[in-house]
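Just below is one structure, and these are the notes that go with it.
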Amino acid sequence: MLRRFLPLLSILCLLMFAFACKEASMAVPTDLSVAAQTMKVEQTRIIGWDSPFDFGPYQVSQVQRGWTESTAWGFMIYESYKAEQSYQYAVTKKGKKPWQCNCATNVNQQVLEGMVGGGKLTWELGAGQTLACSLKSPTGDLWRMALAASGRSGEPMQGLLVGPKLTITVQGTDKLEGSSIPLSEPTGYVFSVHTSTSGPVAAVQVINNGVLWLPHSPDADALAAASAALLLHQNVDRKN
C-alpha cells in the first residue's frame, strides 16, 4: 500500500514546491486582466536605478535624479518648495517622439492639490508617502498625477491622474494574487475611470520585475508614462 501512495506523495510535494517558488504577483481585477494588453517589464530595470527599461512598445530612458533646467516644466508650484526626492525620465513609444516626465516625492498637501486643480484630494496627509508628477506628451498636452497615503506608514498611495479632458482615479494595493495576506509594501496600482462605463482601465505591478496592463485606447500612452513613474518611484523608495 505504501508503494501506491509514494507516487501521489511525490506529485503533491512537487506541486507544493512549484507553488512556493511561484513569483509573487499583484491581484489584478479579472475584467482588466482579460481585456487589457499585458506587458512585462524587461529585466534591464533592475541593473541600476537609472537603467533604461522596456515594456511592450515603450522604452523608459534618460532616467536621473533631480531635474535638468530644460525639462523641469509644469512645476512652477515647486519653485519655493524643496522636494525630498525628485527624478525625471522619458517614455518613448516606437515610431513616436518621447513623453518628458518629472516627479517629486514627499511634497505637501498644498502642492498636491495644486497639481490637480485644488480641492480634489479630500484626505489629510498622514505618515505615508506622496508623489507628484508632470507628464508632457509629444504634442504638448500636460497630464498631472498627485498621490498620497493618508494612514499608516507603508499604506499604498491613492490619488488622481488628470489630463486635458479626463480624470482617472489611481488606487494603490498591497494585495497579492491567490493570497488573503497583504504585503508590507504596495504590490501595484489600478487606474479607473468613473463614467457611464466606469471601472478599471489599466494597472501596473511594481513588485518583482514589473507588469503593466494597458488599454487599447488613445489614453494608453499617458497611462504608460504614469505607470513608469510608479515603477521608478518604487526604486527611489528602496534606494533611500
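The numbers here are math on the coordinates, done by the rules we state, and not lab data. Quantities reported herein were computed from a predicted structural model and do not represent experimental measurements. For neighbour counting, all protein chains shown are included, and Cβ atoms are generated from backbone atoms with ideal geometry for every residue, glycine included.
Just a few scattered comments:
- Simple spin-label estimate for Leu166 and Glu23 gives 2.8 nm between the two label positions (7 Å along the Cα-to-Cβ direction from each Cα).
- Simple label model, 7 Å out from Cα along Cβ direction - Ser198 to Ser184, nm: 3.6
- Subset of Lys40/Lys93; Lys40/Lys136; Lys40/Lys94; Lys93/Lys175; Lys40/Lys96 violating a 27 Å alpha-carbon distance limit: Lys93/Lys175
- For Lys40, nonlocal amide neighbours, meaning residues 5 or more places apart or on other chains whose placed amide H falls under 5 Å from its own, are Gly56, Leu212.
- Going from the residue with the fewest nearby Cβ atoms within 10 Å to the one with the most, Lys136, Lys40, Lys175 rank Lys40, Lys175, Lys136.
- Remark: spin-label model distance Leu142-Lys97 equals 1.7 nm, labels positioned 7 Å along the Cα→Cβ axis.
- Stretchable slack from Glu177 to Glu42, in nm (0.36 nm times residue separation minus alpha-carbon distance): 46.5 nm
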